[in-house]
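Here's the structure we're looking at; comments come further down.
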Amino acid sequence: MWEDRLIVFCGIDWAERHHDVALVDEAGTLLAKARITDDAAGYHQLLVLLAEHGDSPEDPIPVAIETSHGLLVASLRTGSRRVFAINPLAAARYRDRHGVSRKKSDPGDALVLANILRTDMHAHRPLPADSELAQAITVLARAQQDAVWTRQQVANQVRSLLREYYPAALLAFQGKQGGLTRADARVILTLAPTAAKAAKLTLAQLRGALKRSGRLRGCDAEAERLRDVFRAEYAHQLPGVEDAFGHQLLALLKQLDATCEAADDLAEAATAAFHQHTDSEILLSFPGLGPMLGARVLAELGDDRARFTDARALKSYAGSAPITRASGKKRFVGRRFVKNNRLINAGWAFAALTASPGANAHYRRRREHGDWHAAAQRHLLNRFLGQLHYCLKTRQHFDEQAAFAPLLSPPTEQVA
């Protein structure tokens, strides 16, 4: 039948409670439109609508939508269907292409999305076909990163509050690794939320608090240090005001305890899932990549090897590759602003400086050439991503000597 040869494209304008669907043929003719609910019945209605217009497991209808997550996308991605996540800014530009009146409606946006696939599907990439394990690692790693960011935000609030009335606490914990997020800092501040109470703590109370926080060594010396810090002379608020600040601190410490526990639990789950993946050994062979950082990198790259056609595509996605803007006699080369912020902010290049002599030498050479710290780190990450793309493609482990051979080779002695 003629319907079997019809090429159909689908666009979905999604919302919180309902979604508008539009189907067009290769000539741009609107074949069908519908509004479905955001539940199992609505998803079933969508699949039935697609099947009525030729959708099949062997030849599924491609779908364009302005999001890459959610139950609707998960339902569409079952099987071999290609789902294209169109950037909302790009969709807005396509909308202006079809009219200058600046009118906008949800059914009209669904039609625009369907026409994007009809005319420019080759210019957009479908969502990667990552494995179930890789998708689970993405959820866990991103959640852990969000928990770390939230933990730091609450810790900054605690720090700002302590500056108002409790400078001894900042002197006691701010200079240590982890700062106010340390377990011993949180336990002692809960025990003594004001400077007046901290000054009355005995060595036995301080030792007990340190042991409750999980500290095993050096409790006596640390207790004596904390006692000396707390009993030094500082400016104080009025007693009633200081007590009020203490109640506020206890409320913030409850939030800080919760975020610290969430970050630790998610890190444990993410690393456990990461070690089950076949790419974990290759990632861990790279300097500076531990289980948690490796899980974050794998979460953003996925395990669909067809996602990036070459190393340059991966570098552009990460934002480490520079971008050129040229027009007439003007030419500017600078950093990318549209990028995967989670990947570029993972801190891989910084962690590799102490773990790899070659990476450190590469960074120093870029600095000598005039790069700032951030630019030198981006250049190092750019190099690592190219090597990672090659290692994942060829299933090889990282080789320090091969990766930084010119930088690690000893200088040739000049013969007199």
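Each row is one residue, and each column tells you yes or no for (1) under 15 Å from THR194 (Cβ atoms); (2) of a type in the set (Asp, Glu); (3) loosely packed, with under 14 Cβ neighbours inside 10 Å.
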{"site": "ALA223", "(1), (2), (3)": "no, no, no"}
{"site": "VAL229", "(1), (2), (3)": "yes, no, no"}
{"site": "GLU233", "(1), (2), (3)": "no, yes, yes"}
{"site": "ALA270", "(1), (2), (3)": "no, no, no"}
{"site": "PHE274", "(1), (2), (3)": "no, no, no"}
{"site": "ASP279", "(1), (2), (3)": "no, yes, no"}
{"site": "PHE286", "(1), (2), (3)": "no, no, no"}
Unmet criterion (only one of (1) without any contact (Cβ under 8 Å) to a residue 40 or more places away in the chain; (2) under 18 Å from ARG163 (Cβ atoms); (3) not acidic (Asp, Glu)) for GLN205: (2)
Where residues in the range 64-117 are modelled with pLDDT of 90 or more and of a type in the set (Asp, Glu), which of them is surrounded by the most Cβ atoms within 10 Å (Cβ to Cβ)? ASP109
Does ALA195 satisfy the condition of being in contact (Cβ under 8 Å) with a residue 40 or more places away in the chain and within 35 Å of the chain's Cα centre (by Cα)? no
Yes/no for PHE350 being of a type in the set (A, V, I, L, M, F, W, C), in a helix (DSSP H, G or I), touching a residue at least 12 places away in the same chain (Cβ under 8 Å) and open to solvent by 80 Å² or more (accessible area, probe 1.4 Å): yes
Out of ALA359, ALA321, sole residue that is open to solvent by less than 30 Å² (accessible area, probe 1.4 Å), in a loop (DSSP other than H, G, I, E, B) and farther than 24 Å from VAL139 by Cα: ALA321
Please go through the range 235-245 and give me each residue that is surrounded by 12 or more Cβ atoms within 10 Å (Cβ to Cβ) and assigned to a helix (DSSP H, G or I), ordered by number. VAL241, GLU242, ASP243, ALA244, PHE245
Positions within the range 246-263 being surrounded by 19 or more Cβ atoms within 10 Å (Cβ to Cβ) and either out of contact with any Pro (no Cβ under 7 Å at 6 or more places or on another chain) or free of Cβ contacts under 8 Å to residues at least 40 places away in the same chain (or both), in sequence order: LEU252, LEU253, LEU256, THR259, CYS260, ALA263
Counting only residues that are of a type in the set (A, V, I, L, M), open to solvent by less than 40 Å² (accessible area, probe 1.4 Å) and over 37 Å from the mean Cα position of the chain (by Cα), which one in the range 200-221 is farthest from ILE188 (Cα to Cα)? LEU201
Restrict the check to the range 179-198 and report whether at least one residue is of a type in the set (Val, Ile, Thr), in a loop (DSSP other than H, G, I, E, B) and open to solvent by 50 Å² or more (accessible area, probe 1.4 Å). no
Residues in the range 118-149 that are out of contact with any strand residue (DSSP E or B) (no Cβ under 9 Å at 6 or more places or on another chain), open to solvent by 40 Å² or more (accessible area, probe 1.4 Å) and assigned to a helix (DSSP H, G or I) total 12
With PRO128, PRO107 as the choices, which residue is closer than 14 Å to LEU301 by Cβ and touching an Asp or Glu at 6+ places or on another chain (Cβ under 6 Å)? PRO128
Within the range 298-318, count every residue that is within 15 Å of the chain's Cα centre (by Cα) and either assigned to a helix (DSSP H, G or I) or β-branched (Val, Ile, Thr) (or both). 6
Among the candidates PHE230, PHE245, PHE286, single out the residue that is among the aromatic types (Phe, Trp, Tyr) and closer than 29 Å to GLU132 by Cβ. PHE286
Looking at (1) within 27 Å of VAL154 (Cα to Cα); (2) in a loop (DSSP other than H, G, I, E, B); (3) within 20 Å of the chain's Cα centre (by Cα), which one does HIS277 not meet, given that it meets all the others? (1)
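The values are calculated or read from the model by the stated rules, or taken from the named source; none is laboratory data. Small disclaimer: the values here were computed from a predicted structure and weren't measured. In this analysis, Cβ positions are derived from the backbone assuming ideal geometry, glycine residues included, and neighbour counts consider all displayed protein chains. Please note that ligands, DNA and RNA were not included when accessible areas were found on the heavy atoms of the full protein model with its side chains. Shrake-Rupley method; radii C 1.70, N 1.55, O 1.52, S 1.80 Å.
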